[in-house]
Amino acid sequence: MRTFDYDAAFSRNIGWVTEAEQARLRQSRIGIGGLGGVGGVHLLTLARLGIGKFTISDFDVFDIVNFNRQVGATMSSLDRPKLDVLGEMLRDINPAVDLRVFPKGVQTDSIDDFLDGVDVYVDGLDFFAFDARRLTFAACEKKGIPVVTAAPLGLGTAVLVFGPGGMSYEDYFGFAESKDDLDMAIRFLVGLSPAMLQRGYVADMSRIDLKNHKGPSSIAACQMCAGVAAVETLKLLLNRPGVKLAPHGSQFDAYRMRYVKTWRPRGHRNPLQSLLRGLIRKQFG
């Protein structure tokens, strides 16, 4: 049986990173909350970059409705905890990985332990997990931990990075002013994708129901999220230039083959954001 060799396993990364930088990635810890559509593929993508330490959380099990987008969803993983399945897949890539697991998900009483030693937090929570997201973002902000969130919107990805020196997540999204879950969903959607490139090619609008936490998804978009989030994470860990913090953002839509950089000074108070929220609220009643 062959033995694992870290240097050999990730030697093809060298060139895009130096040997010293690869060694730094090996000592870095990434926190990922949620191992569903984007969380699972975030984990495996970052593992193949040679990240050596992870803290992950999820309380759910795999179901057959996950097959269209979740990398850990297979017939053999049905009804198994996502945390166990993705942990096994991670160790198959890097048996020497330092892995900490939180099987109850993101919780108020464990958030400090979850973020202990984390260098960058990568958001893998379900789109509608507003309470857990606000809890995690606030804790990261308090601890000075950068947050990378890449959302699979349409057949593309929208990316935001929060961190020291940038706008706070609350100033950007305005969650505290939300009256209900529908309003919070609209605020999150508009904040993630001010350009709304995903509009215009939805084949069946009846499948989008923000009020009841339902919407279509695609593995193509999740894979794009993982690639973009991994690069932003790499730049943060290696102190590379070029990371734009919120209120800057970006969106790439593969269906339309369009890439847009966005900038929304004043965040959710920006008149363009207010107008867009109103239009979407009217559309969804």
Filtering chymotrypsin sites (Phe, Trp or Tyr not before Pro) in the range 15-114 by DSSP loop and by at most 16 other Cβ atoms within 10 Å leaves 16, 59, 67
Taking a point 7 angstrom from the Cα of residue 183 along the C-beta vector, which residues in the range 133-147 have backbone N less than 18 Å away?
134
If you build a Gaussian network model of the chain, linking Cα atoms that sit under 10 Å apart, which residue out of 93, 219, 30 swings the most?
93
So if the hydrodynamic radius of the range 17-283 is defined as the Kirkwood radius over C-alpha pairs, what does Stokes-Einstein give as its diffusion coefficient at 4 °C and 1.567 mPa s, in µm² per second?
69 µm²/s
Quick one: in the range 30-185, what % of C-alpha pairs are over 18 Å apart?
58 percent
Roughly what would the spin-label model give for residue 201 and residue 98, points 7 Å off Cα along C-beta, in nm?
4.3 nm
Can you give the angle from 0 to 90° between the axis of helix 82-93 and the longest principal axis of the chain, with both taken from C-alpha atoms, to the nearest 10?
50 degrees
With x for Gly and Pro, the residue-by-residue ³J(HN,Hα) of the range 13-22, computed from phi through the Karplus equation 6.51 cos²θ - 1.76 cosθ + 1.60 at θ = phi - 60° and given in whole Hz, is 6, 5, x, 7, 10, 7, 4, 5, 5, 5
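Out of the chymotrypsin sites (Phe, Trp or Tyr not before Pro) in the range 246-284, which ones are loop residues according to DSSP with at most 15 other C-beta atoms within 10 Å? Spell out each step's value before the answer.
Numbers: sites: 252, 255, 259, 263, 284; in loops: 255, 284.
Answer by residue number: 255, 284.
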Convert each backbone phi in the range 157-166 into a coupling constant with the Karplus relation 6.51 cos²θ - 1.76 cosθ + 1.60 (shift: θ = phi - 60°), then list the ³J(HN,Hα) values in order as whole Hz, x for Gly and Pro.
9, 10, 10, 9, 10, 10, x, x, x, x
With a point put 7 Å past each Cα toward its Cβ, work out how far residue 64 is from residue 5 in nm, to one decimal.
4.5 nm
Rounded to the nearest 5, what % of the DSSP beta bridges within the range 17-283 are antiparallel ones?
50 percent
Compute the long axis of helix 181-192 from its Cα atoms, compare it with the longest principal axis of the Cα atoms of the chain, and write down the angle in degrees, 0 to 90, nearest 10.
70 degrees
Output ³J(HN,Hα) for the range 213-225: one whole-Hz value per residue in order, computed from phi by the Karplus curve 6.51 cos²θ - 1.76 cosθ + 1.60 with θ = phi - 60°, and x for Gly and Pro.
6, 10, x, x, 8, 7, 5, 4, 5, 4, 5, 5, 4
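Of all the stretches in the chain, which is the longest one without any exposed loop site, taking trypsin sites (Lys or Arg not before Pro) in a DSSP loop (any state but H, G, I, E, B) with at most 10 other Cβ atoms within 10 Å?
Working: sites that count: 2, 179.
Formally, the longest exposed-site-free interval is 3-178.
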At what distance in angstrom do the alpha carbon centres of the range 213-240 and the range 101-173 lie from each other?
13 Å
For the range 138-238, run through the chymotrypsin sites (Phe, Trp or Tyr not before Pro) and keep only the ones in DSSP coil with at most 12 other Cβ atoms within 10 Å of their Cβ.
201
Nearest-ten-degree value, helix 39-48 long axis tilted from longest Cα axis of the chain:
40 degrees
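By its C-alpha gyration tensor, with a ≥ b ≥ c as the square roots of the eigenvalues, how is the range 167-285 shaped: rounded for a/c under 1.5, else prolate for a/b larger than b/c, else oblate?
Working: a/c = 1.88, a/b = 1.23, b/c = 1.53.
Oblate, since a/c reaches 1.5 and b/c is not below a/b.
Bear in mind that the values in this text are calculations on the coordinates, not laboratory data. These figures come from a predicted structure and were not determined experimentally. All Cβ positions, glycine included, derive from the backbone under ideal geometry; neighbour counts span all protein chains shown.
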